[in-house]
Each structure stands twice: as structure tokens, then as C-alpha cells.
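S.K.: Below: one structure in C-alpha cells.
The values are calculated or read from the model by the stated rules, or taken from the named source; none is laboratory data. In this text the structure is predicted, and so the values were computed from the model without any measurement. Glycine also receives a Cβ, built like all others from the backbone with ideal geometry; neighbour counts cover every protein chain displayed. The area values use the complete protein model at the heavy-atom level, side chains included, leaving out ligands, DNA and RNA. Shrake-Rupley method; radii C 1.70, N 1.55, O 1.52, S 1.80 Å.
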Amino acid sequence: MKRAFLFPGQGAQYVGMGKDIYDKYDEAKKIYDKASKITNIDIKDLCFNGPEEELMKTRNTQIAIFTTSLAILEVLRKKNIEAEIATGLSLGEYTALVYAGIISFEEGVKLIQKRGYYMEKCIPEGKYSMAAVIGLKSSEIEKVCKQLSDEGKFVTPANYNCASQTVISGEETAVIEATQMLKENGAKRVIPLKTSGPFHTSKLEEAKKNYEKELENIVINKSSIKVIKNIDGEFYMPDDNVKEILSKHIISSVRFDKAIEKMKENEIEEYVEIGPGKTLTGFVKKDNKEAKTYNINTLESLEKYLAEEK
């Protein structure tokens, strides 16, 4: 069985995530405890008790999702369940890199803490928003964004989630104008997202520059596990400059649509999303209806999966 692990990004979080798995499995407890010690944040309290407004802050959201995904992953690894390919959405790529051993757990935790901090603190003045465009080709979305950009309005594709869904990001007024134009051009729906930052756009250049300093001293390891990059949907290669890729990641569009294509090309039979939410397997199913997908985000879903894999 050719298996891929998928790791969620920001937006999947909810108060209570991971608690039932933490309560049952010592392996999960150790991950929460180690990450809390490194960050000096009580991550389990943040995940299990919130409050929601604290969990929703980017600097907290990223480390909370990252830790929860790795805690669930640790239970699977103790059961000798591994994957040939790993990928994630935005911060989920870091979970994939830690899984593959390309970045150590300790350095991954430190990086995600800093990444979340800079992405929250280094947003330029202004009102920004993001919206998911459903049922319209990305090429059509790009045309509308370019037209508005040529008029001096800032809006751009940020996340290419799958063939039928692309997230746009930019100044609030430009996103509102783009929304109307995209509906007129045939979009089935345009859904505003609960984010306030122009993530994965050039507006985060300051965050990128600050983050580059954090990447300078990390150790990059070789791995036999294939990890798909967000910036182009290709595998990390031995001669890739991982630090440069991760800094560009902050200001570059996420190409999860291409990651889906890459996994299909590599004949992945089982897609396992590890962490809160069901977003990524939903994208996979839209582009690959025959795909066998699993979501592991609760004790019930974990134990059901483990029973099937025996």
C-alpha cells in the first residue's frame, strides 16, 4: 500500500483538538510536553482549553496545529505506520519536514514559533482579507487579479488548493471587488475566510526577512522520505536550498493542487490527513475521486484507522 501523510495548515484549529488522544497515549503527551518546554508555552492548555480568541492568534495557531499533528503522528509511528510521501498546507509542510527528519523536532518547534510570531507582527498597515473561490479555473482567477493589480489594487492568488478551489488574498476592498468580478465570471461561490493577514503574498516581505535570520543556523538532513514543496508541487531534492525555500514560502503561493497531481503521478493509494480538520483530504477527493482517504484528528478516528491497518 503506497501511503502519503498530509498535514493541515492554519484554519484547521479548534478548541479541544488532540485532548482525547493526549489523555490515552503517552507518546502524544511527550510531544506536547517537549514542545511546551521548548516554547515556554503551555500548548496543551492552549489546544484543549483555549480560549478561542487566543488559539486563533497566528503566533498560537501555528504552534498548536503543528504540535497536535506531531502528537498524533507519534502514535502512528509507534505502531510502525509510515508513509513514502509527506506534504502539508503552508505550516503543514514543516510537519512533513519533521516527519521526514529533514528538520529535527526541536528546530521545527522553534521555527514554527518564530514563523507564527513574524507572520502576525509584520503585517503592514491596512485592512486585509482572504477568500476561497470555488468552481472557477485558476487561470480565470489570475486574470481578474491581474486586471485589478494593473489598476493599482492589491489582490493575488495565495493558495491553489485544488483544481476547483483557489484562495485569493489582498487588501480588503480589492478582495471585495474581485469577489464580485469572479462571481460574474462564473465562480459558484466565493467564501470570505477568517483571516486578517495577506498571507502568502509579497505584503509579508518584512516577515520573510526577519524569518531568514531564524533559518540561518538550522541543520538540514537527508531523508529517504519524499516531501512535496508548497512553492511548486515538486519533491525536495538533495541539492535544494531548503532554507531559501522556507523563507520564500512565506510570500509565495501555496501549490497544493500540484501536490495532489504529484501524489497521483506517484500512484499513492492511501491519503492520511493527520491533525485537526478534514480540509486536505477534501481537496484530494475533488481532484481524485477514487482516492482512499482517512482523517485522523480524534481518538475515535485514530483507533478506527489502527484497527483497519492491523
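S.K.: Roll a 1.4 Å probe over the protein heavy atoms and report the accessible area of R77 in Å², nearest 10.
M.R.: 80
S.K.: Could you give the nm distance between label points at K310 and E270, where each point is 7 Å from its Cα heading toward the beta carbon?
M.R.: So the two model labels end up 1.5 nm from each other.
S.K.: What FRET efficiency, computed as 1/(1 + (r/R0)^6) with R0 = 25 Å and r the Cβ-Cβ distance, is obtained for M1 and F235, rounded to the nearest 0.05?
M.R.: Here the calculated transfer efficiency is 0.80.
S.K.: Right, here's the next one. Return a whole-number percent for the relative contact order of the chain, with Cα pairs under 8 Å and 6 or more residues apart as the contact set.
M.R.: The value is 24 percent.
S.K.: Over the range 1-62, how many pairs of lysines fall under 25 Å by alpha carbon, counting only those 8 or more apart in sequence or from different chains?
M.R.: Step by step, the pairs that qualify in the range 1-62 add up to 18.
S.K.: How far, in degrees from 0 to 90, does helix 26-39 lean away from the longest principal axis of the Cα atoms of the chain, to the nearest 10?
M.R.: Approximately 60 degrees, to the nearest ten.
S.K.: Now, a different point. Of the residues E53, E267, E27, which exhibits the maximal mean-square fluctuation in a Gaussian network model of the chain defined by a 10 Å Cα contact cut-off?
M.R.: Top of the fluctuation ranking is E53.
S.K.: If you build a Gaussian network model of the chain, linking Cα atoms that sit under 10 Å apart, which residue out of T173, T293, T61 swings the most?
M.R.: It is T173.
S.K.: Please report the spacing between the Cα centers of the range 141-175 and the range 220-244 in Å, no decimals.
M.R.: 27
S.K.: Please give the contour-minus-distance gain from V15 to E106: 0.36 nm per residue of separation, less the Cα-Cα distance, rounded to one decimal in nm.
M.R.: Value of the extension gain: 30.3 nm.
S.K.: Over all distinct Cα pairs, what is the inverse of the mean 1/r for the range 134-261, reported as the Kirkwood hydrodynamic radius in Å?
M.R.: Numbers: mean 1/r = 0.0628 Å⁻¹.
So the Kirkwood estimate lands at 15.9 Å.
S.K.: Another one. Which value in deg cm²/dmol, rounded to the nearest 500, describes the helix-derived mean residue ellipticity at 222 nm for the chain, given -39,500 (n - 2.57) per DSSP H run of n ≥ 4 and division by the residue count?
M.R.: Counting only the DSSP helices, I get -15000 deg cm²/dmol.
S.K.: In a Gaussian network model over the chain where Cα atoms closer than 10 Å are linked, find which of M237, M56, M263 has the largest mean-square fluctuation.
M.R.: M237
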